[in-house]
Amino acid sequence: MAFGMEARGLPVLVSANSLFDHNRGIFRKIPEALTDLDWALDSAGFVAMARYGKFPWSVAQYVDLALLSGCTWWAQMDCCCEPEIAADRDVVRARVKATSQLLSMCRNTYLDATDQHRHLRDFTTHPMPVLQGWLPEDYRESAELANRVLNGKWPDLVGLGSVCRRHLGGEAGLWRVLAAVDHVLPPHVRIHAFGVKGNALARLSEHPRIFSTDSCAFEFRARVVSRQAGISKSIDLRLGVLDQWMSKQVPAGAEQLQLCV
């Protein structure tokens, strides 16, 4: 599958959960197939909370993985705020604060490691901050808390979490969330919106803050196709479905976005 992505020049977002050996409690060696790809590392916050109720790995383990991975960027460990995880406003607020604490922990662990092994600075990056919440004011608070951790020194790219099933409009819609963080983020900062659904991609390209998003929609479609046809979900099938999915996104205006798959 990695060779197919490389041939298509597509960046790839890899979940930390897919690299973790749950029986041994350690991360596996980075697959060689990833070394030639433009890929990013996601901390798998939603999967960790939904399946295990917590992160199965420590901050130190995750940062070590990022340091040795060769990825283009890596997201901080963060606390998602979807309703099935954060059932009320108090829990959402607590998870927003915990996300800023995890940013501090990831940064400090990264800085300690690169102070001890300075050569790592040549091919690694600081953790990408991820803004969390549910209502626009949550994201504004998340950005303000991150600003304190960063001492006002923002990277060029930050993540926007808990938005994979968002509509563009409405009280908690993406447009209002983006407007809320726009007042806090410096002009140079752009956003990776985690998992925005397909019908919002074209409209998102209109927003100057949005740089990239990711989607596993083609994997879900490949699963459906293989089940309905009674055939194996082979690499060729998955790549064929991916090509069909991409062809629908680009004419819709998503060519303005960097799509991670």
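In summary, ALA179 fulfils each of the numbered conditions (1) of a type in the set (Gly, Ala, Ser); (2) modelled with pLDDT of 80 or more; (3) over 16 Å from VAL163 (Cβ atoms) with the single exception of condition (3).
Of all residues in region 33-47, those satisfying the criterion of being farther than 22 Å from LYS97 by Cβ and either in a helix (DSSP H, G or I) or among the charged types (D, E, K, R) (or both) are ALA33, LEU34, ASP36, ASP38. Each residue in region 48-61 was checked for being touching a helix residue (DSSP H, G or I) at 6+ places or on another chain (Cβ under 7 Å), surrounded by fewer than 17 Cβ atoms within 10 Å (Cβ to Cβ) and in a helix (DSSP H, G or I), and 1 pass. When you check GLY169 against the structure, is it over 24 Å from ALA94 (Cβ atoms) and of a type outside the set (D, E, K, R), yes or no? Against the criterion (over 24 Å from ALA94 (Cβ atoms) and of a type outside the set (D, E, K, R)), GLY169 qualifies. Counting the residues of region 182-203 that are at pLDDT 80 or above and part of a helix (DSSP H, G or I) gives 1.
Return only the number of the condition from (1) farther than 24 Å from VAL59 by Cα; (2) more than 17 Å from the chain's Cα centre (by Cα); (3) not acidic (Asp, Glu) that LEU178 does not satisfy. Among (1) farther than 24 Å from VAL59 by Cα; (2) more than 17 Å from the chain's Cα centre (by Cα); (3) not acidic (Asp, Glu), the lone unmet condition for LEU178 is (2). Note on region 71-104: residues that are under 13 Å from PRO127 (Cα atoms) and within 17 Å of the chain's Cα centre (by Cα) amount to 12.
Residues in region 208-224 that are at pLDDT below 90 and in contact with a helix residue (DSSP H, G or I) (Cβ under 6 Å, 6 or more places away or on another chain): ALA217, PHE218, ARG221, ALA222.
Across region 62-120, which residue is surrounded by the fewest Cβ atoms within 10 Å (Cβ to Cβ) among those that are in a helix (DSSP H, G or I), in contact with a Cys (Cβ under 8 Å, 6 or more places away or on another chain) and in contact (Cβ under 8 Å) with a residue 40 or more places away in the chain? Taking the candidates together, the pick is VAL92.
Considering only residues in region 121-169 that are modelled with pLDDT under 95 and part of a helix (DSSP H, G or I), the one that is surrounded by the fewest Cβ atoms within 10 Å (Cβ to Cβ) turns out to be ASP122. Being of a type outside the set (Lys, Arg) and farther than 24 Å from MET49 by Cα is a condition met by at least one residue of region 104-112.
The values are calculated or read from the model by the stated rules, or taken from the named source; none is laboratory data. This is a predicted model, so every value here is computed, not measured. Methodologically, a virtual Cβ is constructed for each residue, glycine included, from the backbone with ideal geometry; neighbour enumeration extends over all protein chains shown.
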